[in-house]
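Worksheet: the structure to be examined is printed underneath.
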Amino acid sequence: MKNLFFVITFLWCSAVTVNAQVVGLEIGDIAPEIDLPDTKGNNVALSSLRGDIVLIDFWASWCGPCIKEQPELLKLYNSFSEKFSIYGVSLDTKKPSWTAAIAKLKLPWTQVSDLKYWSSPVVGDYMIQALPLNYLIDKNGIILAKNIHGNQLNQMVKELTESK
């Protein structure tokens, strides 16, 4: 009887473990934590935005497609800012270039960078190979979509914020 109890307990624990949420980069995984300094030097953790739908936007001031995308992100942010946040992660190495781009584009959302370019730990954590890159995560930090842009991003954010 004692052995049966242990076998049942082991099988139950195994089943629970298999279905547990994991940190990773696939849809359904929990997005890896990012905790980098903002433009004022204060660290801002990605997890501090839990409770909102969040777009993690990897970009840089020298990336043409990234800069071209920012006005569209600004429109999206302004439309849903009460339920939707953007966490901008820059791969810039020069703070003046990074902060000038933020000011020029009038980006109001959280912007972070460790100014280490491709040697940043975030590059490895998110397996970044090219910019722009983004991940859309839910209020619990679970990845809903990756590399989503334009109308597809707008529609998904609209649906998610309306159902919130």
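Matching residues to (1) surrounded by 15 or more Cβ atoms within 10 Å (Cβ to Cβ); (2) of a type in the set (S, T, N, Q); (3) assigned to a loop (DSSP other than H, G, I, E, B):
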residue: Cys66; (1), (2), (3): yes, no, no
residue: Pro71; (1), (2), (3): no, no, no
residue: Pro96; (1), (2), (3): no, no, no
residue: Ile102; (1), (2), (3): yes, no, no
residue: Leu107; (1), (2), (3): yes, no, yes
Restricted to region 30-64 and to residues being of a type in the set (Val, Ile, Thr) and not in a strand (DSSP E or B), the residue nearest to Lys95 (Cα to Cα) is Thr39
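For (1) polar (S, T, N, Q); (2) under 22 Å from Lys68 (Cα atoms); (3) not in a helix (DSSP H, G or I), each residue gets a yes or a no:
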residue	(1), (2), (3)
Gln111	yes, yes, yes
Met127	no, no, yes
Tyr135	no, yes, yes
Lys139	no, no, yes
Asn154	yes, yes, no
Val157	no, yes, no
Leu160	no, no, no
From Leu115, Leu144, Leu136, residue being open to solvent by 50 Å² or more (accessible area, probe 1.4 Å) and not hydroxyl-bearing (Ser, Thr, Tyr):
Leu115
Taking the options Leu144, Leu136, Leu131, name whichever one is over 13 Å from the mean Cα position of the chain (by Cα) and either under 20 Å from Asn42 (Cβ atoms) or of a type in the set (A, V, I, L, M) (or both).
Leu131
Can you name every residue in region 73-92 that is open to solvent by less than 10 Å² (accessible area, probe 1.4 Å) and in a helix (DSSP H, G or I)?
Leu73, Leu76
Is it true that Leu55 is open to solvent by 10 Å² or more (accessible area, probe 1.4 Å) and closer than 23 Å to Lys40 by Cβ?
no
Going by what's in this entry, would Ser120 be described as closer than 30 Å to Ser163 by Cβ, under 18 Å from the mean Cα position of the chain (by Cα), open to solvent by less than 80 Å² (accessible area, probe 1.4 Å) and not basic (Lys, Arg)?
no
Those residues of region 80-100 that are closer than 22 Å to Ile148 by Cβ and not basic (Lys, Arg) come to a total of 11
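The values are calculated or read from the model by the stated rules, or taken from the named source; none is laboratory data. What you see is a predicted model, and the numbers here were worked out from it, not measured in a lab. Glycine gets a Cβ as well: all are built from the backbone with ideal geometry, and neighbour counts include every protein chain shown. With ligands, DNA and RNA removed, areas are computed over all heavy atoms of the protein, side chains included. Shrake-Rupley method; radii C 1.70, N 1.55, O 1.52, S 1.80 Å.
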